[in-house]
Structure formats: structure tokens, C-alpha cells
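Encoded as C-alpha cells, the structure appears first; notes follow it.
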Amino acid sequence: MKKVLIVSGHSNIQHDSVVNSLILKQVKQALPQVEIDLLCELYPDFKIDVAAEQAKVLEADIIVFQFPLYWFAKPSILQRWEEEVFLHGFSHGCNGDKLKGKKLIVSFTVGAPGEVYSREGGLGYTLEDLLLPVSRSTAGFVGMTLEPFIYTTGVSYALRSDEAQAKQLEEKALLHAQRLVEAIEKA
């Protein structure tokens with residue numbers, strides 16, 4: 001099996017997450033050899049250990065960004081990780097080819113229902129409209145191959161207080177994890 005690094009960008013996964021934490025748990029159960037970086041636990045102060053993270057990236061064949069969508073983008077800690085780890089001379093620029101040939105899987109959850117993210121919906125944009133340009137540009141710029149997105153909508157944090165809705169969140173998380181495992185195995 002290829003080496004997989006999952007970079008979790010949830011800002012407080014232990015206390016604020018039902019879906020993302022269950023996704024990671026299920027993926028780890030199905031693929032125990034994956035390495036999972038919980039950025040909120042490793043770097044609560046946002047002081048990224050660049051050398052340690054670059055060493056993990058060097059070892060990985062597949063890098064997965066797992067996160068909840070915050071304000072139409074990645075959470076700030078994941079953005080910070082990318083800014084500090086994907087440095088000139090490492091990932092791009094002069095001799096910066098360390099990510100070339102690696103696969104990037106962008107896996108995320110969205111609180112709002114899927115119909116909000118349509119050209120006809122409330123926002124006028126699809127999720128691909130919002131995230132594909134940045135994801136494709138990043139992958140292309142550093143020589144990675146961007147795999148198809150894995151995402152689940154309608155998993156708002158607020159739904160967890162109702163027992164029936166909490167059960168639906170769990171079911172959605174399990175399906176998401178299954179799709180992510182399949183994508184990792186296929187990549």
C-alpha cells in the first residue's frame with residue numbers, strides 16, 4: 001500500500017466535531033497504516049514544525065486534506081500548514097520538486113445542505129466552483145495530481161443535539177469515510 005498522510009484541518013476536532021472525527025476514526029480503522037496529522041492538537045498555537053511536516057510529506061505518496069468547509073474555504077490552520085510546508089525550494093521554485101508525482105485528495109464536509117451550493121441555489125456557486133480553482137492551481141503548481149473531491153453536505157454541527165439527526169450525521173460520516181477509503185485505495 002502507498003504511504004498516506006491525512007492532514008486534518010479541523011480547528012477543534014475533539015470538542016466540536018462529530019462528523020470529521022468519525023471520518024478519521026473509520027479511515028484509520030480501515031487503513032491502519034495511514035498517518036493522521038491532527039493540526040489542532042499538534043499546533044494549537046499555529047507554530048508549525050516545518051521540518052517535521054516536510055519529512056512526513058516526503059514519505060507520503062498520497063496527501064489527504066480533511067476538513068470542514070469554513071467560510072467557503074479551508075480552515076485557517078490548514079491554510080497556515082500549507083503556506084509553511086509548501087515552501088519555495090521544497091515544493092516549487094528552484095529545486096522545489098519534492099511533491100512532484102504525489103496525489104492530493106481534498107476531502108471535506110459542509111454544514112449547509114447541498115442545494116445551497118448550486119448555480120441556482122442561494123450562493124450561485126457549486127462547491128467545485130469555490131474549491132477547484134485553488135486546489136487545481138496548488139496541485140498543478142507543485143506537481144501533484146489532484147484526485148476528485150470527496151465531500152458530504154448537510155452535516156451541520158447544530159444537528160447533533162437531535163437524536164434522529166445525530167444518527168443521520170453518523171451515517172453520512174460513515175459513507176464519507178467509505179468513499180475516502182476507496183479513493184485512497186484507488187489513487
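Restricting LEU104, LEU99 to residues that are open to solvent by less than 70 Å² (accessible area, probe 1.4 Å), over 26 Å from ALA166 (Cβ atoms) and in a loop (DSSP other than H, G, I, E, B) narrows the list to LEU99.
For the residues ALA60, ALA112, the requirement of being at pLDDT 95 or above and of a type outside the set (Asp, Glu) singles out ALA60.
Checked against the criterion of being open to solvent by 70 Å² or more (accessible area, probe 1.4 Å) and over 24 Å from ILE62 (Cα atoms), the candidates GLU83, GLU163 yield just one match: GLU163.
The residue list TYR151, TYR117, TYR125 contains one member that is aromatic (Phe, Trp, Tyr), within 12 Å of the chain's Cα centre (by Cα) and surrounded by 14 or more Cβ atoms within 10 Å (Cβ to Cβ), which is TYR151. Within segment 132-149, residues that are touching a residue at least 24 places away in the same chain (Cβ under 8 Å) and farther than 16 Å from GLN66 by Cβ sit with their Cβ atoms under 7 Å from residues that are open to solvent by 40 Å² or more (accessible area, probe 1.4 Å) and in a loop (DSSP other than H, G, I, E, B), at 6+ positions apart or across chains, in these pairs: GLY143/ASP97; GLY143/LYS100; GLY143/GLY101.
Scanning segment 52-79 for residues that are among the aliphatic types (A, V, I, L, M) and exposed (fewer than 15 other Cβ atoms within 10 Å of the Cβ), we see that the one that is nearest to SER11 (Cα to Cα) is ALA73.
Looking at this structure, is LEU58 among the aliphatic types (A, V, I, L, M) and closer than 17 Å to VAL142 by Cβ? It is true that LEU58 is among the aliphatic types (A, V, I, L, M) and closer than 17 Å to VAL142 by Cβ.
The values are calculated or read from the model by the stated rules, or taken from the named source; none is laboratory data. The structure displayed is predicted, hence computed values, not measured ones. As a convention, Cβ positions derive from the backbone with ideal geometry for all residues, glycine included, and neighbour counts pool all protein chains shown. In case anyone asks, the SASA skips ligands and DNA or RNA and just uses the protein heavy atoms, side chains included. Shrake-Rupley method; radii C 1.70, N 1.55, O 1.52, S 1.80 Å.
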